[in-house]
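What follows is a set of notes on a single structure, which appears directly below.
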Amino acid sequence: MAGQECSEALDRLFEYIDDELPADEVHRIGEHLKTCPPCEAEHQIKEKIKELTSHAGGERAPDQLRERVLASLRAVREDG
Ligand SMILES: [Zn+2]
């Protein structure tokens, strides 16, 4: 079950990745990600999406792309 901290962290992930948050928020979310594997996984996915879309003019990731990223991350996990 996702707690309050999780929903806050997940809410702000895109801003966190885009460096749009004040330093104390960045620190708080960073600390949470270190201790919360499900949120860290979501963070990795969003970073990957940002990385991929930054080459495509900075537009929001299309669902197709998101699905592809998720699938590739799942494949990596099943491997390990
Ligand atoms: Zn969490």
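Values quoted throughout were computed directly from the atomic coordinates according to the rules given, and no laboratory measurement underlies them. Since the model is a prediction, treat every value here as computed from it, not as a measurement. All Cβ positions, even for glycine, are placed from backbone atoms using ideal geometry, and neighbour counts span all protein chains on display.
Annotations for the structure displayed:
- The range 4-79 - convex hull of the alpha-carbon atoms, volume per residue in Å³: 94
- One chain, two ends: GLU67 and SER54. Fully extended at 0.36 nm per residue, the span grows by 3.0 nm beyond their Cα-Cα distance.
- Charged side chains reduced to their Cβ positions (Lys and Arg at +1, Asp and Glu at -1) give the range 4-79 a dipole of some 360 debye around its Cα centre.
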